[in-house]
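Participant: Let me give you the structure first, and then I'll get to my questions.
Every read-out reported here was derived from the displayed coordinates using simple, explicitly stated rules and does not represent laboratory data. Bear in mind the structure is a predicted one, so any value in this text is a computation, not a measurement. Cβ placement follows ideal geometry from the backbone for every residue including glycine, while neighbour counts extend to all protein chains displayed.
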Amino acid sequence: MQLSMSIARKILKEHLVEGQFELGEEVGIKIDHTLTQDATGTMAYLQFEAMKLSKVKTELSVSFVDHNTLQADFKNADDHAYLASVAAKYGIKFSRPGNGICHQVFLERFARPGKTLIGSDSHTPTAGGMGAIAIGAGGLDVAVAMGGGPFFMKVPKIMGIKLNGTLGDFVSAKDVILEILRRIDVKGGLGYILEYFGDGVKSLSVPERATIANMGAETGATTSIFPSDDVTREFLKLEGREDQWIELKMGPEPDFNKVIEIELSEVVPLVARPHSPGNVSPVSEVENVVVNQVAIGSCTNSSLKDMLLVAELLKGRKVHDNTTLGISPGSRQVLLELIKHGALTSIISAGARILECACGPCLGMGFAPKTNGTSVRTFNRNFFGRSGTKSANIYLSSPETAVAAAIFGKLTDPRKLGNYPSVKLPDIINIDDSLIVDPPSDGSAIEIVRGPNIALLPDVASLPSDLAKIKVLIKVEDNITTDHIIPAGAKILPFRSNLPKISEFAFEQVDPTFSSRALEVKNSGATGTIVGGENYGQGSSREHAALAPMYLGVKVILAKSFARIHRDNLINFGILPLIFVNPSDFDKLEQDDKLEILNVKNSLEDKKKSIVVSNKTRSLEIEMVHDLSEREKEIIIAGGKLNYTRNLST
């Protein structure tokens, strides 16, 4: 099939190093840039160390500390010391705690049009607002890319999002991506790159484009990308990086496999209701819901443009007596500019709490709502329990709608705030990269700092010929997220570098007995399995959602379909993802059923797509299939990507 040359396809083809660039085929892509953050970075760098390389081989790799910044004891601080020492030893830039959220800082200081970036965070597509191919991936994939290996992906379809006209007052980029989610939901982007075109693109600033690209991850899309034009050039000029600009012209409509058209003037203020980013409705339909807490920030809406707008809307106003407002500027650069322009005074005078330049409440790291509380947040996810309070109701909104909720104490159409302020980025900003530490030219003598909470990865056995004793550990419905599998939050995140400990929290929000039951099965010499519905593993790129089941003895997962990043992470850690041929067979499996898969290794080696699962408890057989490439089958048979990579070098 002849593929058109959209911006996304042009960049991918320019970076092609393995495979045939044909729709649906697996290809290897050269990666220019990588990023990690501290919640995923420690494990990624432990994996990089296992490769025994002396230095990273990418053009640029950056390690950020922005997730686990709440230092209640030694654990997070120890991880930060480990990350700093690894960065210095292996040639990685290190963004220190307090410098800001990885995606916001990367957009400001590093993102470049036409480059490829993978990051161990699912919202890495933020840099697509700059015209980069930026893809979220598991930490092991990032580690391999840092070692010079290609990133493998299936050639995606391109969904063109045609933007016409301009947005109305009190309607913002967040409402645009919520409108897209309203139309295609959390699975509609699977197998696609979302590429934006049309005359409406030029009306959006780079921070606005980045907001849209960031939250495209919630559709299941591989990534999102905008053209690189004069707007991009002006943003890079503001950041002192105009020499890094290249033009990437938007392709014509026939370039796309599918087109969605949006009249920007017709978009209205929207919210995502609990507990899904795809549960979208106009604010007008949920007005008067009492709001106890408002949080403005996250990698979605913490840019200088967002914060200047919030300051203008809060000027001369007071936060409602029954509502708490917390604001997290996206970077130190943003915070310094707010101070310089007096905007921080307006924010504080209105009664807002200023939180750290970090992810913070977005993943339950502080600022949790009260019991049964309602919180309106300018974040990208409102999964059950993610805020840190299981009984809370979380709504996602634009900064405009969030300010209206804070002022009125209830969900309110922001157009009731009065006149819409005109906010533009300043002509000059002060560039201060002093919290970004450059590695020395030779870090070979540097010693890695390892605290007592850092545990090395266990060895993983290769796939056995038969999986003769399998027990169904748990059965879950559609759209189970990685937050369900391994929750975030201040209690659990500090154990991201301690696999045995974090595995104790697997599926805690669904069934607190899961981990102990899984270990019993593992210790008996049997294998555990998980039965899932559609879009199993949506959400965060956290590979711990695959690592923990692997540690607990899970070797196969049966589901109706898998989210892209989680599927890849399962393969990376030797867990076989199988898909129901007949989705109705989902009903033929229950928790504690005993299963058997014979000749599983031979089936993969013989290139069979179909694998029969025998339910010994119910005396029936279920046909499953896999969609593994030849390379992925070799990874599964080897017991995971680390074993596979070691085998290649021997």
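Participant: Check cross-link reach from Lys174 to the aspartates and glutamates: straight Cα distance under 16 Å, and skip same-chain residues fewer than eight apart.
Facilitator: Asp185, Glu208, Glu218, Glu263, Glu266, Asp306, Glu400, Asp413
Participant: Around Ile135, which amide H atoms from residues at least 5 apart in sequence, or from another chain, sit under 5 Å from its own amide H, with H modelled in the peptide plane?
Facilitator: Leu117, Ile118, Gly119
Participant: Within 10 Å of each candidate Cβ there may be at most 13 other Cβ atoms; applying that plus a DSSP loop requirement, which trypsin sites (Lys or Arg not before Pro) in region 395-461 survive?
Facilitator: Working: sites: Lys410, Arg415, Lys416, Lys424, Arg450; in loops: Lys424, Arg450.
Qualifying residues, ordered by number: Lys424.
Participant: For region 7-266, what is the charge dipole size about the Cα centre, in debye to the nearest 20, if Lys and Arg each add +1 at the Cβ and Asp and Glu each add -1 at the Cβ? Before the final figure, lay out the partial values.
Facilitator: Details: 28 positive and 36 negative charges, 139 e Å.
For this selection, approximately 660 debye.
Participant: Among 619-626, 476-483, how do they line up by average Cβ neighbours within 10 Å per residue, starting with the highest? Working shown, then result.
Facilitator: Details: 619-626: 14.8, 476-483: 21.0.
My ranking of the peptides, most packed first, is 476-483, 619-626.
Participant: Something else now. Positive end of the dipole of region 7-266, charges at C-beta (+1 Lys, Arg; -1 Asp, Glu), about the Cα centre: which of Leu53, Met43, Thr116 has its Cα farthest in that direction?
Facilitator: The one lying farthest along the dipole's positive direction is Leu53.
Participant: List every residue whose amide H lies under 5 Å from the amide H of Ile470, counting only residues 5 or more places away in sequence or on a different chain, with H placed 1.01 Å from N in the peptide plane.
Facilitator: Excluding prolines and chain starts, which carry no amide H, the hits are Thr527, Leu595.
Participant: Now a separate question. Under 8 Å for C-alpha pairs, at least 6 residues apart: give me the relative contact order for region 270-412, rounded to a whole percent.
Facilitator: It rounds to 37 percent for region 270-412.
Participant: Which entries of Lys305/Lys416; Lys501/Lys588; Lys89/Lys501; Lys52/Lys89; Lys13/Lys52; Lys340/Lys370 show an alpha-carbon separation above 23 angstrom in the structure shown? Mind dumping the intermediate values first?
Facilitator: On the way: Lys305/Lys416 21 Å; Lys501/Lys588 33 Å; Lys89/Lys501 28 Å; Lys52/Lys89 12 Å; Lys13/Lys52 30 Å; Lys340/Lys370 34 Å.
Table pairs above 23 Å Cα-Cα are Lys501/Lys588; Lys89/Lys501; Lys13/Lys52; Lys340/Lys370.
Participant: Now for a separate question. Sorting Ser205, Ser629, Ser122 on the 10 Å Cβ count, fewest up front, what's the list? Please report the intermediate quantities before stating the final value.
Facilitator: On the way: Ser205 19, Ser629 16, Ser122 26.
Listing Ser205, Ser629, Ser122 from fewest to most nearby Cβ atoms yields Ser629, Ser205, Ser122.
Participant: Compute, for the chain, the length of the dipole vector about the Cα centre, with Cβ point charges of +1 (Lys, Arg) and -1 (Asp, Glu) only. Units Debye, rounded to 20. Each step should come with its number before you reach the end.
Facilitator: Working: 71 positive and 77 negative charges, 169 e Å.
Here the size comes out at about 820 debye.
Participant: Sticking with this one: So for region 7-266: antiparallel DSSP bridges make up what percent, rounded to the nearest 5? Could the numbers behind the result be given before it?
Facilitator: Details: 7 of 37 bridges.
Around 20 percent antiparallel, to the nearest 5.
Participant: Within 10 Å of each residue's Cβ, count the other Cβ atoms and sort Leu336, Leu35 from fewest upward.
Facilitator: Values: Leu336 17, Leu35 30.
The most exposed by this proxy come first: Leu336, Leu35.
Participant: Nearest 5 is fine: what % of DSSP beta bridges in region 270-412 come out antiparallel, could you say? Before the final figure, lay out the partial values.
Facilitator: On the way: 5 of 18 bridges.
Rounded to the nearest five, the antiparallel share is 30 percent.
Participant: First measure r as the distance between the Cβ atoms of Glu287 and Asp627, then evaluate 1/(1 + (r/R0)^6) with R0 = 60 Å and state the FRET efficiency to the nearest 0.05. Numbers along the way, then the final one.
Facilitator: Numbers: r = 45 Å, r/R0 = 0.74.
So the FRET efficiency works out to roughly 0.85.
Participant: Also, quick follow-up: Report the Cα centroid-to-centroid distance between region 166-185 and region 579-634 in angstrom, as an integer.
Facilitator: What the calculation gives is 41 Å, centre to centre.
Participant: Arrange Ser610, Ser349 by Cβ neighbour counts within 10 Å, fewest through most, would you?
Facilitator: Values: Ser610 11, Ser349 14.
The most exposed by this proxy come first: Ser610, Ser349.
Participant: Using helices alone, I'd like the mean residue ellipticity at 222 nm for the chain: each DSSP H run of four-plus residues gives -39500 (n - 2.57), total over residue count, nearest 500.
Facilitator: Result for the chain, helices only: -8000 deg cm²/dmol.
Participant: Okay, next question. Enter the Cα centre distance for the pair region 81-159 and region 36-69, rounded to the nearest angstrom.
Facilitator: 10
Participant: For the pair Glu447/Ser391, report the inter-label distance in nm, with labels modelled 7 Å from Cα in the Cβ direction.
Facilitator: 5.0
Participant: Here is a follow-up. With each pseudo-label sitting 7 Å past Cα toward Cβ, what's the Lys588-Asp511 distance in nm, one decimal?
Facilitator: 2.1
Participant: Given a Förster radius of 56 Å and the C-beta distance between Glu520 and Lys258 as r, what FRET efficiency does 1/(1 + (r/R0)^6) yield to the nearest 0.05?
Facilitator: Values: r = 47 Å, r/R0 = 0.85.
That gives a FRET efficiency of 0.75.
Participant: Take the Cα atoms of region 5-138, find their three principal axes, and give me the spread along each one in whole Å, biggest first.
Facilitator: 51, 32, 23
Participant: Once both axes come from the Cα atoms, what is the angle between helix 38-50 and the longest principal axis of the chain, in degrees from 0 to 90, rounded to 10?
Facilitator: That helix lies at roughly 40 degrees to the long axis.
Participant: Using the Cα centre of region 57-101 as the reference point, and only Cβ charges (+1 on K/R, -1 on D/E), how large is the resulting charge dipole? Debye, rounded to the nearest 20. Don't skip to the end; give the middle numbers.
Facilitator: Working: 5 positive and 5 negative charges, 40 e Å.
My answer is approximately 200 debye.
Participant: Still on this structure, please answer the following. Using the per-residue mean of other Cβ atoms lying within 10 Å as a proxy for protection, in what order, highest first, do the peptides 565-576, 263-274 fall? The partial results should precede the final answer.
Facilitator: Working: 565-576: 26.3, 263-274: 19.2.
In decreasing order of mean packing, 565-576, 263-274 become 565-576, 263-274.
Participant: Oh, and also: Between Ala72 and Lys424, what FRET efficiency comes out of the Förster formula 1/(1 + (r/R0)^6) with R0 = 35 Å and r the beta carbon distance, rounded to 0.05?
Facilitator: On the way: r = 41 Å, r/R0 = 1.16.
FRET efficiency, Lys424 to Ala72: 0.30.
Participant: To the nearest Å, what is the center-to-center distance of region 252-301 and region 349-395, using C-alpha atoms only?
Facilitator: Region 252-301 and region 349-395 have Cα centres separated by 18 Å.
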